[in-house]
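The values are calculated or read from the model by the stated rules, or taken from the named source; none is laboratory data. Computed from a predicted model, the values in this text were never measured in an experiment. Don't worry about glycine lacking a Cβ; one is built from the backbone with ideal geometry, like all the others, and counts go over all protein chains shown.
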Amino acid sequence: MNGPRPVLEPKSARQSVANSSPLLGAGSGEWMDTGFRLAMLACALAVLGILGLIVYELITRSALSWHAFGPKFFFGSDWNPVEDQYGALPFVYGTIVSSILALLIAIPLSVGVAVFITEMCPKWLKGPLSFFTELLAAIPSVIYGLWAIFVLVPLLRTDVEPALAKTLGWTGLFSGAPYGIGMLAAGTILAIMIIPIISSITREVLSVVPQNQREGVLALGATRWEMIRIGVLRNARAGIVGGIILGLGRALGETMAVTMVIGNRPEIAKSLFAPGYTMASVLANEFSEATGDLYLSALIEIGLALFLVTIVVNALARLMVWSVTRGQPARSHV
Amino acid sequence: MSEAKVSSAKARSAPPQVSVWRRFVNHLMTGVAVLTVLIVLVPLVAIFGYLLYKGFGSINWAFLTQTPKPVGEPGGGMANAIVGSMFILAIGSLIGVPLGIGAGIYLSEYGRNRFGDAIRFISDVLNGVPSIVIGIVAYGVVVLRQKHFSALAGGFALAIMMIPTIARTTEQMLLLVPQAIREAAYGLGIPRWRATLSITLRTATSGVITGVMLAFARVAGETAPLLFTAFGNQFWNLRLDQPTAALPLQIFTYAISPFDEWHRQAWAGALVLIVLIVGAVAAVRIAVSRGTLAGAR
Amino acid sequence: MGVGIQVKALNAWYGKTQALYDINLHMQANHATALIGPSGCGKSTFIRCLNRMHETIPEARVEGQVQFGDFDAYNGTSPTQLRRRVGMVFQKPNPFPTMSIYDNVASGLKLNGFRNRKQLDDTVETALQASALWEEVKDDLHKKSGAGLSGGQQQRLCIARALAVQPEVLLMDEPCSALDPISTGKIEELIFQLKEKYTIVIVTHNMQQAARVAEFTGFFLLGKMVEFDKTEKIFTNPSDKRTEDYITGRFG
């Protein structure tokens, strides 16, 4: 063991007084610790406050309408501001139909994209493809709507809807004049908008499936598709369903793009070519023009219903996704 | 499987074959998957393509500096909407970013308990509330009290949307900071509040900023919550208590109008909006990566 | 100059599980005391009770008395104040990744409000010299990040950071276990020199290391302190059979 090297003397005279730490006099800032903690708590309580504010505002301001119409509000199909008669069924119908249509289109496409990216894609392509699907999520709703009005709707009017009417018109779903504007347009643009969410969650859920599951199935002599079907998709089922429900939640509340192409007619029709109206759309269109307390209250009651439905749907979806990814919500899905 | 037995009975040296049908299905599904990718990419390409095609030609100096002209007159621009958007976003960020980051700090550093779990869950659920509902709430809280539409109401609505998002991303970034770093700070006798701000938060800075930017970009494009809060305005306004123009609102109004001139400007406005959003996110990503790559300062 | 440490009837729990049973100990000022024992014996828990880091774990509890020279660690001193007088170096080097070398060393002072630039410069230089790192980094103080050094250098940086606060005691929790033999040797040399100014308590898995650097050694087993004596005696003629079994490698 070498002899000890000389410890160099400190430079300043003040510090040569051994043992006097410059911090000995400093306060320990305990009240600052408590103060800081309280300040952060206050910020966290802001989240609670937001929830409380939403519930309070919606319930108190819709009370008038609730007392006037009761639960029948959601089953009446007569929306007549002139006579102060309000039935919200057409909006409920429109919301449900447009969302279901969107899901029907979006689910196979989203799962297909997710499966391709996680299981089939060459490595160099994974990054760019993921990026592009995420890019779809960044486009604002109003821009989707703009594109839908001037590109999607004419396409539907001149090509897609006549074709559908010719081939599937017998079902009754594709009858009536092909305006382009209507339920089909709304469902289509909604589908495009929710594909990124469903696809991104599906991708996460698929990637969490352990590699040994895949290898086990392959070792039995399965083809790649069989491996995906049996070893991966089956395991990720709960999570994928969760992602789908999350997509549903998004579709239910989507406002601008739908408002711009759904036709804004409070009617219930079987054909997908017909114009319709959703809960979010009637709020967007009529809220700022609502004269009269009952009118406004009826609209806010629709808002309350929309709020409750999306809360329940989203909570359900989160629980299902968490059950698969074990509570790592990773990225905030826009 | 039976085919495997048959063929191995025939020629013991050959390995069992995967049936033609199964191979066909395998290739078919690969093809289906590729097809879905292509189908999904079509609208993406189409949207950006049309934005460029229809919007680019209409973006000129006049568009960026003038206010809208009366209906029927050609020309005019969206200058007031662009500035109005920035104004409303600034108000929203001023309220939403500090509260959001604070909530995130609480969740990560003090909230590893049932109460924190509740806040976490509520944040996630709030993220799914339709933005039009948020607009209604802001209307009730601000507009009805002030008795007029305003940028403040719009900013308030956007802040409500930003807070849960920023809280969760901040929390996740802070959780990535290793516990060893915090222990080193405590071991030096640094008080907890100081350690949290100057060490833990500082280590997670780039991630936190990215999270804030993503929340910002998301609300920058929102129209619904502004419909009856900021309401829109054909003229300049930078006061807190008057209706204010915003870019997404203007795009919406023009798009649903019957005038070709306004349609043209709607495309231009949309292109400006998407460029601003993508640009802001990219700028922050670059600045942040430069900051961390340059090493410590 | 360092201070002596007096530990009386120290008991510690993680939630309901007791980790330390009635530890009594006196560690001499300006000497190095080594704590050895098999994994899970409580030596790390013990050292963390000395600077109240044990408390930072949720549901952790301590009973007993820890006295440093003239001040009581648990009564009348806040953990923050205590830790400015009792420094710690951890098992895995943990420099602050977003800070330069200078800022790392100065962090204990700067973040406690100490701002005088000249004195910070001097303190940083002194501390880096005391941890035998000055020559290697003096040109890169502000340019290199703390995380950009080798493992051994990072640990010496952490030592400098702890020393800059001018504590009276330095606690070291297996400081060399993540390092290569050459870095380990450098740090052991360092401990030898640091003894002159500080009281050192070092937890180590490496019995030869204890023999090399420490005058006193305590042997821990299952949360109890089995034997405490001069290092020489522990390793050549231990009083307790369990100590002997451990030393000779029959377990642990």
For helices (runs of 4 or more DSSP H) lying entirely in segment A:82-164, having 2 or more residues that are surrounded by fewer than 23 Cβ atoms within 10 Å (Cβ to Cβ) picks out A:89-115, A:123-138
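Taking C:Leu20, is it at pLDDT 90 or above, in a strand (DSSP E or B) and buried (at least 20 other Cβ atoms within 10 Å of the Cβ)?
The answer is yes for C:Leu20.
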With the first residue restricted to segment C:78-100 and required to be hydrophobic (A, V, I, L, M, F, W, C), and the second required to be part of a loop (DSSP other than H, G, I, E, B), Cβ contacts under 6 Å at 6 or more apart or on different chains are C:Leu82/C:Arg52; C:Leu82/C:Ala73; C:Val86/C:Asn51; C:Val86/C:Pro167; C:Met88/C:Asn51; C:Val89/C:Pro175; C:Met99/B:Ala296
Quick count over segment B:133-179, residues being of a type in the set (D, E, K, R), in contact (Cβ under 8 Å) with a residue 60 or more places away in the chain and more than 8 Å from chain A (Cβ to nearest Cβ), is 1
Subset of segment C:119-168, residues within 14 Å of chain A (Cβ to nearest Cβ), more than 23 Å from C:Ile200 (Cβ to Cβ) and assigned to a loop (DSSP other than H, G, I, E, B), comes to C:Lys138
Taking B:Thr210 as the residue in question, decide whether it is under 30 Å from C:Arg161 (Cβ atoms), more than 10 Å from every other protein chain (Cβ to nearest Cβ) and either over 26 Å from the mean Cα position of the chain (by Cα) or surrounded by fewer than 24 Cβ atoms within 10 Å (Cβ to Cβ) (or both).
-> yes
Conditions (1) closer than 30 Å to B:Trp21 by Cβ; (2) not in a helix (DSSP H, G or I) -> A:Pro178 fails only (1)
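When you check B:Ser206 against the structure, is it in a helix (DSSP H, G or I), closer than 30 Å to C:Gln81 by Cβ and at pLDDT below 95, yes or no? Steps first, please.
Values: in a helix (DSSP H, G or I): yes; closer than 30 Å to C:Gln81 by Cβ: no; at pLDDT below 95: yes.
So B:Ser206 does not fit the description; no.
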When (1) under 21 Å from A:Leu252 (Cβ atoms); (2) in contact (Cβ under 8 Å) with a residue 60 or more places away in the chain are applied to A:Leu51, the one that fails is (2)
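Where residues in segment C:36-61 are among the basic types (Lys, Arg) and in contact with a strand residue (DSSP E or B) (Cβ under 7 Å, 6 or more places away or on another chain), which of them is nearest to C:Asn11 (Cα to Cα)?
First, the residues of segment C:36-61 that are among the basic types (Lys, Arg): C:43, C:48, C:52, C:61.
Still in the list and also in contact with a strand residue (DSSP E or B) (Cβ under 7 Å, 6 or more places away or on another chain): C:43, C:61.
On the way: C:Lys43: 12, C:Arg61: 8 Å.
Applying the filter and picking the extreme gives C:Arg61.
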C:Ala9 passes all but one of the listed conditions (1) surrounded by fewer than 23 Cβ atoms within 10 Å (Cβ to Cβ); (2) of a type in the set (A, V, I, L, M); (3) within 11 Å of another protein chain (Cβ to nearest Cβ); the exception is number (3)
Residue pairs qualifying under the 9 Å Cβ cut-off, at least six apart or on distinct chains, with the first in segment B:83-108 being within 30 Å of B:Asn237 (Cβ to Cβ) and at pLDDT 95 or above and the second being crowded, with 24+ Cβ neighbours inside 10 Å and charged (D, E, K, R), are B:Gly100/B:Arg168
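Please pick out the residue among A:Trp124, A:Trp147 that is of a type in the set (A, V, I, L, M, F, W, C) and facing another protein chain (nearest Cβ under 8 Å).
On the way: A:Trp124 fails: facing another protein chain (nearest Cβ under 8 Å).
Testing whether each residue is of a type in the set (A, V, I, L, M, F, W, C) and facing another protein chain (nearest Cβ under 8 Å) leaves just A:Trp147.
Residue-wise test of (1) within 13 Å of chain B (Cβ to nearest Cβ); (2) surrounded by fewer than 16 Cβ atoms within 10 Å (Cβ to Cβ).
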residue	(1), (2)
A:Ser199	yes, no
A:Glu204	no, no
A:Pro210	no, yes
A:Arg214	no, no
A:Ala219	no, yes
A:Ala222	yes, no
A:Glu226	yes, no
A:Arg229	yes, no
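How about segment B:148-188: which of its residues are part of a loop (DSSP other than H, G, I, E, B) and in contact with a Ser or Thr (Cβ under 9 Å, 6 or more places away or on another chain)? Steps first, please.
Within segment B:148-188, the first condition is being part of a loop (DSSP other than H, G, I, E, B), and the residues that meet it are B:148-150, B:176-178, B:188.
Answer for segment B:148-188, where residues must be part of a loop (DSSP other than H, G, I, E, B) and in contact with a Ser or Thr (Cβ under 9 Å, 6 or more places away or on another chain): B:Phe149, B:Ser150, B:Leu176, B:Val177, B:Pro178, B:Leu188.
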